[in-house]
1. Could you sort the peptides 223-234, 396-407 by per-residue average Cβ neighbour count (10 Å cutoff), highest mean leading?
2. Relative contact order (percent) for the range 28-99, with alpha-carbon contacts under 8 angstrom and 6 or more residues of separation?
3. State to the nearest 20 debye the size of the charge dipole of the chain about its Cα centre, where the only charges are +1 on K and R beta carbons and -1 on D and E beta carbons.
4. Would you mind giving the average projected area, over all directions, of the Cα convex hull of the range 55-105 in nm² with one decimal?
5. Give, as a single signed number, the net charge of other residues whose beta carbon lies under 14 Å from the beta carbon of A21, with Lys and Arg counted +1 and Asp and Glu -1.
6. What is the extension gain from R141 to A266, computed as 0.36 nm multiplied by their sequence separation minus the C-alpha to C-alpha distance, in nm to one decimal?
7. Can you give me the long-range amide H partners of F367? Hydrogens built in the peptide plane at 1.01 Å from N, cutoff under 5 Å, separation of 5 or more residues or another chain.
8. Working out 0.36 nm times the residue gap between A162 and R22, then minus their Cα-Cα distance, what length gain in nm do you get to one decimal?
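The values are calculated or read from the model by the stated rules, or taken from the named source; none is laboratory data. Source: prediction; values computed, not measured. Using ideal geometry, Cβ is built from the backbone for each residue, glycine included, and neighbour counts are taken over all protein chains shown. Ligands, DNA and RNA are stripped out before the accessible areas are found, and what is left, the full protein with its side chains, is counted by its heavy atoms. Shrake-Rupley method; radii C 1.70, N 1.55, O 1.52, S 1.80 Å.
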Amino acid sequence: MDNPNASPAGVSFAEALRVWARIGLLSFGGPAGQIALMHREIVEQRGWLSEKDYLSALNFCMLLPGPEAMQLATYAGWKLHGVRGGLAAGLLFVLPGALIVLGLSMLYAGFGKLPLVEALFYGVKAAVLAIVLEALLRVARRALKTTADWVIAGLAFLALFAFGLPFPLIIAAAAAYGFWRGRGVAGEHTGELPSWHALSRTVTVWGAIWLAPLAALALLLGPHHVLTEVGVFFSKLAVVTFGGAYAVLAYMAQAAVEREGWLSAAEMIDGLALAETTPGPLILVTQFVGYFAGLREMGSVWGGLAAAAVTLWMTFAPCFLWIFVGAPYIEAIGKRPRLSGALAAITAAVVGVILNLSLWFGLHVLFGEVTRREGWFRPWVPAWGNLDWFALGLSVLAAVVLLRFHFGIIRTLMVCAVIGAVWRLAF
């Protein structure tokens, strides 16, 4: 369904394409870095979405399975130019990283670890840490308006970081509290909703786009062919990835290594490292897994490429289904007091979620070893003796050139990448 209020800012499609491509190429740092980048590009610098629209959309995307940042980009594109805008924004968010991960997967399969690539991304990660923390402070200042908001954000952070509670439980609790808090509040009950006919048409079309290729693989190649098995595996994964990639990486790694035997545990760890240091959603590690499944089972690079393509399709096609079905409801929800109250509470909780992601990312950038304690109190604990002082210094440098000298994201990333690469290759 097209957005009836497309292009609220009068943005040309060509201009939007350039920005979506820029975001796709610079979307380092996992969900926290990507959310920060999009906020800077489309809210602060260009005003394409208001702060309220951005946070409402982010709340909605946090409730969906799949990579929330990619879905947020898809919503922003839909908001500006309808379905074609959503497709453009979503695809350009994914494809640059997908091509890089695919290329690195092929190089890794042929030559093993890539020291130069690792050295370059060492500096990139340090720079992203500064970008993420600066954006977190900006979002918190705008989203946390009352004492209750601060309490919700703090509890959400503690629940995730210190106790390892399930992400859906935290969001559900925040939504229930906000819904309760919104009782008796006067407000509009307006907002045009899509007709059942339009809704069913969207579900049918995008459901077919997602699942028809899988059915064709099963019919043509049989249910036990590796391409069919890859398609089924990642289709299932696509509907349970609540909370983003981190929530299912352990399950995916165990299943791909131990049950399917597509790659070794060491290869799985290296694949995750590649996905963490390249642009695009972290869930692109699925493409690394798919490539190795096809390479090993079909015995050729072409088999690996085919399996990688199937993986990419089954991982991201559902994301367009969720957004195109749900996007028309976001504004209407905001005009219903109880639902609006639920979303406001989720907004506060999401600040805690982003803080958790930021701290998790920062610990892994600055320390050589980070583990999670066992038991009911389960915070992430770094090996303090393994603090990487150079990475810390590089992050401080990134913060200085970004905030004091206004280098911009691209120049900051390039400077830190070069300095980091020289350091890692020399020492």
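1. Working: 223-234: 19.9, 396-407: 15.2.
Listed from highest to lowest mean packing, they are 223-234, 396-407.
2. Details: 56 pairs, mean separation 14.7, N = 72.
Here the relative contact order equals 20 percent.
3. Details: 28 positive and 23 negative charges, 178 e Å.
The dipole of the chain has a size of about 860 debye.
4. On the way: hull surface 15.2 nm².
Average of the hull's projected areas for the range 55-105 equals 3.8 nm².
5. Details: positive: R18, R22; negative: E15, E41.
Neighbour charge sum, excluding A21 itself: 0.
6. Details: separation 125, 0.36 × 125 = 45.00 nm, distance 4.14 nm.
So the extension gain works out to 40.9 nm.
7. It is D388, by chain and number.
8. Values: separation 140, 0.36 × 140 = 50.40 nm, distance 3.55 nm.
Additional length available on full extension: 46.9 nm.
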